[in-house]
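Just below is one structure, and these are the notes that go with it.
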Number of protein chains: 2
Amino acid sequence: MEKIRVAICGYGNVGKGVESEITKAKDMELVAIFTRRNPANLKISSNTKVVSIQEIENWKDKVDVMIMCGGSATDLPKQVPEMAKMFNTVDSFDTHAVIPEHFENVNKSALKNNRTSIISGGWDPGLFSLIRMYSNAIMLDGNTYTFWGRGVSQGHSDAIRRIEGVKNAIQYTIPIEKAVDDVRAGKNPQLSTGEKHLRECFVVVEGGADKNRIENEIKTMPNYFSDYQTTVHFISEEEFKANHNKMSHGGFVIHSGNTGKENNKEIIEFSLKLDSNPEFTASVLIALARAAYKLNKAKQYGAKTIFDIAPSMLSSKSSEELRKELL
Amino acid sequence: MEKIRVAICGYGNVGKGVESEITKAKDMELVAIFTRRNPANLKISSNTKVVSIQEIENWKDKVDVMIMCGGSATDLPKQVPEMAKMFNTVDSFDTHAVIPEHFENVNKSALKNNRTSIISGGWDPGLFSLIRMYSNAIMLDGNTYTFWGRGVSQGHSDAIRRIEGVKNAIQYTIPIEKAVDDVRAGKNPQLSTGEKHLRECFVVVEGGADKNRIENEIKTMPNYFSDYQTTVHFISEEEFKANHNKMSHGGFVIHSGNTGKENNKEIIEFSLKLDSNPEFTASVLIALARAAYKLNKAKQYGAKTIFDIAPSMLSSKSSEELRKELL
């Protein structure tokens, strides 16, 4: 069997996850890791070839799918439309509000060059989107709720670290139990994001810094914290390193609907409990890379999302096997 | 907008569910209910035309999708291959072991007549299958567990009712909490079906019947009960009617996988808590009927399963709307 030749563009946490998880996909091989850094200085965990992103054009015919592992803020919106001219791509672009624009930009490049690009894969957007979509198509009379956490929010952690006197910080987003319970009970509550989530912060300060001022600055920070129940714990550097080094995350999608004249309650719930957010995201991207490869072989060019792709496309098993083993 | 013309074949609990839930689908209309009984005697809940199944051929050009609502034991294996000659069909055939054979039979009929038939829709097979499939495609290193219940098993209830001296009976399948907890904790236990589920029976006996004998016959019944922890409660006819008249069901699919060198645990869980099994099943079939209609318009003929169908096909929303609202 000829293997699908996959490459990684961007060697951050997700890129490392792809490098580790792709070894489990017997129908794929990792052929290169592209980086903006000096390849000679990049320490990687496998024997994969490390190549400067400057040379990526030379790999046009040597890579079937490029897994784009840059960040959503600045990397992906620029990189993916460029790469989609040369490669089939998969990305985990997750800035919800800008997804339609990202789709259009990538679609144009990919269509013009007979490439297939799957955008916004991962778990949210990604698997959570799937559940929201299937639930809404099936239960027309219902409400969908998404809760995130318990997990680390990189953006909120960064915001705390920018405060004067803060040496290190991490922020956990935590679903409010009562809100989750009400939704699970089919009560269909109206909930703002602040009524669904708590924010818990662990902060290491510089010697002599004013903890009261820092706590106040955090709790009153607009957009990030002011609309939330926020708790701040000041801890030592040692405790920080020992207990807050995991990139765990997760969450729930709950759809609560009604059927029949007796208003029967029907509750659909999907949850993820992830020890490693980037490794799980990488696992989704790898399955989507397989789909991108198959779609391109079938001349399905342009940008796609997980909504446009038959589930079987993600699997290495045949339709017969899937019907027999998993239906 | 022209509406999708849907008909029901078989007016049991699922048929009644389709009749009630289809009113929520603004892009569809219910044009007829086909029955084997005398149409004049069928009491239905809407103003839909009731037609004898004998006359179904005359409706060939008046129905876009036929929702097959008969039973899996004897109705669907015979009826669907016949109906797929004249109509696009959707069914909820759920005898897992015979699905490959059912697929082949329906596929032959549908292909020959340019029809599209979606088989084995519902929640298991159906939504549970989807989660099993996506999970296995994404987490290659992992185990999938399916738990059913708490819910009514029609087959087990029937088996009890066949025992001499039993007037009425219902059987609930209940997941064993410790097993669910172990799976959720990522312990990857080896579990037989009997180690995953309890069986709880509520039985009304004829006057003078020997309860000890009946309890013993239930608990030792091969296949149905002998391999399970089974409890039997004898109750009065009144209590039976008051407390055991719901067709509630549900269950979980849990996939427990590992990633990375540190063996990070990643837990995917999907659950349903349904007040009405037939009304929820009907809701899934209606969304699949929409997909069958679209697939047929796109000349995608033959038998399909939920694995073969892009999720967006189930929705009445456009791809643009889906990306904007639900991705």
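The values are calculated or read from the model by the stated rules, or taken from the named source; none is laboratory data. Computed from a predicted model, the values in this text were never measured in an experiment. Please note: Cβ atoms are built from the backbone with ideal geometry, for glycine as well, and neighbour counts cover all protein chains shown. Please note that ligands, DNA and RNA were not included when accessible areas were found on the heavy atoms of the full protein model with its side chains. Shrake-Rupley method; radii C 1.70, N 1.55, O 1.52, S 1.80 Å.
A few remarks follow.
- Here B:K24 passes the criteria (1) among the charged types (D, E, K, R); (2) touching a residue at least 24 places away in the same chain (Cβ under 8 Å); (3) within 14 Å of chain A (Cβ to nearest Cβ); (4) surrounded by 14 or more Cβ atoms within 10 Å (Cβ to Cβ) except the one numbered (2).
- Checked against the criterion of being assigned to a strand (DSSP E or B), out of contact with any Lys or Arg (no Cβ under 8 Å at 6 or more places or on another chain) and either farther than 17 Å from A:A73 by Cβ or touching a residue at least 24 places away in the same chain (Cβ under 8 Å) (or both), the candidates A:N168, A:N143 yield just one match: A:N143.
- Among the candidates A:S120, A:S109, A:S157, the residue that is more than 20 Å from the chain's Cα centre (by Cα) and open to solvent by less than 40 Å² (accessible area, probe 1.4 Å) is uniquely A:S109.
- Residue selected from the range B:171-203 under the condition among the hydrophobic types (A, V, I, L, M, F, W, C) and in a strand (DSSP E or B), by the criterion farthest from the other protein chains (Cβ to nearest Cβ): B:V203
- Number of residues in the range A:146-165 that are assigned to a loop (DSSP other than H, G, I, E, B) and touching a Phe, Trp or Tyr at 6+ places or on another chain (Cβ under 9 Å) equals 3.
- Scanning the range A:249-289 for residues that are over 23 Å from the mean Cα position of the chain (by Cα), of a type in the set (D, E) and either surrounded by fewer than 24 Cβ atoms within 10 Å (Cβ to Cβ) or more than 7 Å from chain B (Cβ to nearest Cβ) (or both) yields one hit, A:E262.
- Residues satisfying the stated conditions in the range B:190-214, i.e. more than 27 Å from the chain's Cα centre (by Cα) and either buried (at least 18 other Cβ atoms within 10 Å of the Cβ) or within 30 Å of A:D275 (Cα to Cα) (or both): B:V204, B:V205, B:I214
- Residue list for the range B:297-317, restricted to those being open to solvent by 10 Å² or more (accessible area, probe 1.4 Å) and touching a Lys or Arg at 6+ places or on another chain (Cβ under 7 Å): B:Y301, B:M313, B:S316
- In the set (1) of a type in the set (S, T, N, Q); (2) more than 7 Å from every other protein chain (Cβ to nearest Cβ); (3) within 25 Å of A:N136 (Cβ to Cβ), A:S316 fails one condition alone, (3).
- Filter result for B:K246 (basic (K, R), more than 8 Å from every other protein chain (Cβ to nearest Cβ) and within 26 Å of B:E101 (Cα to Cα)): no
- Any hit, the range A:281-289, residues being among the polar types (S, T, N, Q) and within 18 Å of B:F128 (Cβ to Cβ): no
- Per-region count, the range B:69-98, residues closer than 20 Å to B:E55 by Cα, among the hydroxyl-bearing types (S, T, Y) and within 14 Å of chain A (Cβ to nearest Cβ): 0
- Checklist (1) at pLDDT below 95; (2) touching a strand residue (DSSP E or B) at 6+ places or on another chain (Cβ under 9 Å); (3) among the acidic types (D, E) applied to B:E239, failing item: (1)
- Residues that are β-branched (V, I, T) and within 11 Å of chain B (Cβ to nearest Cβ), drawn from the range A:99-112: A:I99
- In the range B:51-106, the residue that is most open to solvent (accessible area, probe 1.4 Å) out of those that are touching a strand residue (DSSP E or B) at 6+ places or on another chain (Cβ under 6 Å) and over 20 Å from B:K304 (Cβ atoms) is B:I53.
- Check on A:G126, on the phi < 0 side of the Ramachandran plot, small (G, A, S), touching a residue at least 12 places away in the same chain (Cβ under 8 Å) and open to solvent by less than 20 Å² (accessible area, probe 1.4 Å): no
- Number of the exception - A:N243 against (1) open to solvent by 30 Å² or more (accessible area, probe 1.4 Å); (2) in contact (Cβ under 8 Å) with a residue 60 or more places away in the chain; (3) not acidic (D, E): (2)
- Residue under evaluation B:A292, criteria (1) at the interface with another protein chain (Cβ under 7 Å from one of its Cβ atoms); (2) open to solvent by less than 10 Å² (accessible area, probe 1.4 Å), criterion not met: (1)
- Residues (more than 20 Å from B:A7 (Cα to Cα) and in contact with a Lys or Arg (Cβ under 8 Å, 6 or more places away or on another chain)) located in the range B:275-296: B:D275, B:S276
- Residues within the range B:135-151 that are closer than 25 Å to B:N13 by Cβ, open to solvent by 10 Å² or more (accessible area, probe 1.4 Å) and within 14 Å of chain A (Cβ to nearest Cβ), tallied: 2
- B:Y228 vs. criteria at pLDDT 95 or above, in contact with a helix residue (DSSP H, G or I) (Cβ under 8 Å, 6 or more places away or on another chain) and either open to solvent by 20 Å² or more (accessible area, probe 1.4 Å) or more than 10 Å from every other protein chain (Cβ to nearest Cβ) (or both): no
- Residues of the range B:38-50 that turn out to be touching a strand residue (DSSP E or B) at 6+ places or on another chain (Cβ under 7 Å) and more than 14 Å from chain A (Cβ to nearest Cβ), as a count: 5
- Number of the condition not met by B:R132 [criteria: (1) part of a helix (DSSP H, G or I); (2) open to solvent by less than 10 Å² (accessible area, probe 1.4 Å); (3) within 14 Å of chain A (Cβ to nearest Cβ)]: (2)
- Here A:I235 clears all of (1) within 14 Å of chain B (Cβ to nearest Cβ); (2) over 22 Å from A:A179 (Cβ atoms) except the condition numbered (1).
- Those helices (runs of 4 or more DSSP H) lying entirely in the range B:204-323 with at least 2 residues under 24 Å from A:T259 (Cα atoms) and of a type outside the set (D, E, K, R): B:237-243, B:277-297
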